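Data block below; observations after.
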Amino acid sequence: MVHGRIRLAAVLVPAGLAFAATCGAAGDDMLYGLDYRIRLVPEDDLAKVSVEIGDNADLVRAIRFNIVPGRHTDFSGDGKIDLDGTYVHWTPPAAGGGLAFSAAVDHERTEGAYDAMLTGEWAIFRGDDMVPPARVRTVKGAEARARLRLTAPDGWSVVSPYREDDRGWAPVEHADRRFDRPTGWMAAGRMGVRRERIRGIQVTVAGPVNHGVRRMDMLAFMNWNLPEILRVFDDFPERMLIVSAGDPMWRGGLSGPASLFLHADRPLISENGTSPLLHEVMHATLGIEAARDHDWIVEGLAEFYSVEIMRRSGTISRRRYERGYDQLRRWSEEPDVPGRRPSKGTITARAVLVMRKVDEEIRDRTDGDRSLDDVAREIASLGDRITFDRFREIGEKVAGAPLRALGDGPLPGVD
């Protein structure tokens, strides 16, 4: 996780692991050109995508894309192309060439609610859904020099987590990946876009016009709280894109690398003192994924810091902070129904209470020198799926002793 690069969130790790990996940065003679083009075509309800291998193309032997049948279609291009169920195997010519295909943008998350959509006026989607995960076979030590060009109809604005040059090309670089692909939230259309640099971080808020997106409110909220996040996580992405829209987009929040989506009707601060916006910012900041049955760790950390950061910044008072925890305690005490898992809200409430106990116990055992901040930083640096055993191991290392809060009692969300 390096400043100046978009950090790849754990949920996106399958993208582009080289078959033959070596340590160290590649020299220019071991870098091959990799261009991505995503062109939005509203009249056809899809995006036209191309992947082009240019300079030093002979370094690339083959690329295997893990596609979603029905979403990724109409494959054509140079070299050899084989379709095999959910895979497309592409062997580009040694002199270079391109692979073209279509990608459906619309995705219905729940009935009548979309987490990706293309209309005649705007589009909101994730880059990683347009360009499917891939594995590449190359000459040993070869790395991609990747860039993205996102285009849309005349009169449309486009925004992504990447920094474009004057010609509309944006470098795509993810730390520790030899084959990079564009990821994170992107938007285009008749957009209202507001930007502000906060403590060196470029924060952008974008959303379709006439959707009730509170762009300036979000920027002000980030002005208050981002400095406190940076005190804990100094490896924050240099750019953060917040995309928002109203119905028929899904009424929730979703994070991605250096970006997030939040429905326009979601409050910046809920009545219970938590923050849907900061919750997703924390997911984007931590960039971690949990092993099966351990999602409560990731959700608990994100919700804990959504409250804790606001307390530290003075966004909410200590009294409001404690009232929020009173509400979380009431949620956590909702009775479980035999044969049915607790609700997501109940699990998250229980997880936040565990995180607060861990934080208090570490502070007590170290005379205030260490805290849950140290645990969260180490987890964020791992790049692996977090498990309870690993979480407890890191917590006890930071505390210097076993943690009662992580004893053998029942844990949130685990049967």
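The values are calculated or read from the model by the stated rules, or taken from the named source; none is laboratory data. Owing to the predicted nature of the structure, the values given are computational and were not obtained by experimental measurement. All Cβ positions, even for glycine, are placed from backbone atoms using ideal geometry, and neighbour counts span all protein chains on display. Each accessible area value is taken on the protein alone, full model and side chains, heavy atoms only, with ligands, DNA and RNA left out. Shrake-Rupley method; radii C 1.70, N 1.55, O 1.52, S 1.80 Å.
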Every residue from segment 403-415 that is open to solvent by less than 20 Å² (accessible area, probe 1.4 Å) and either at pLDDT 95 or above or assigned to a loop (DSSP other than H, G, I, E, B) (or both): 403, 412, 413
Evaluate segment 294-317: report whether one residue or more is more than 27 Å from residue 235 (Cα to Cα), open to solvent by 70 Å² or more (accessible area, probe 1.4 Å) and either out of contact with any Cys (no Cβ under 9 Å at 6 or more places or on another chain) or not β-branched (Val, Ile, Thr) (or both). no
For segment 284-316, how many residues meet the condition of being in a loop (DSSP other than H, G, I, E, B) and at pLDDT below 95? 7
Just for strands (runs of 3 or more DSSP E) wholly inside segment 237-280: which have at least 2 residues that are of a type in the set (A, V, I, L, M, F, W, C)? 239-245, 259-263
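Every residue, every condition in (1) open to solvent by 10 Å² or more (accessible area, probe 1.4 Å); (2) within 16 Å of the chain's Cα centre (by Cα); (3) modelled with pLDDT of 95 or more, yes or no:
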site	(1), (2), (3)
165	yes, no, no
170	no, no, yes
175	yes, yes, no
190	yes, no, yes
199	yes, no, yes
211	yes, no, yes
225	no, no, yes
What do you reckon, is residue 233 touching a Leu at 6+ places or on another chain (Cβ under 7 Å) and either open to solvent by less than 10 Å² (accessible area, probe 1.4 Å) or not hydroxyl-bearing (Ser, Thr, Tyr) (or both)? no
Identify all residues within segment 129-163 that are open to solvent by 40 Å² or more (accessible area, probe 1.4 Å) and within 19 Å of residue 96 (Cβ to Cβ); write none if there are none. 137, 139, 145, 147, 149
Could you please let me know if residue 26 is small (Gly, Ala, Ser), modelled with pLDDT under 95 and over 26 Å from the mean Cα position of the chain (by Cα)? yes
Out of the residues in segment 253-270 that are open to solvent by 30 Å² or more (accessible area, probe 1.4 Å) and in contact (Cβ under 8 Å) with a residue 24 or more places away in the chain, which is nearest to the chain's Cα centre (by Cα)? 255
For segment 300-311, does any single residue satisfy the condition of being more than 30 Å from residue 161 (Cα to Cα) and more than 21 Å from the chain's Cα centre (by Cα)? no
Kindly list the number of the only condition in (1) touching a residue at least 60 places away in the same chain (Cβ under 8 Å); (2) crowded, with 19+ Cβ neighbours inside 10 Å; (3) over 20 Å from the mean Cα position of the chain (by Cα) that fails for residue 179. (3)
Please give the number of the condition residue 327 fails out of (1) modelled with pLDDT under 95; (2) open to solvent by less than 40 Å² (accessible area, probe 1.4 Å). (2)
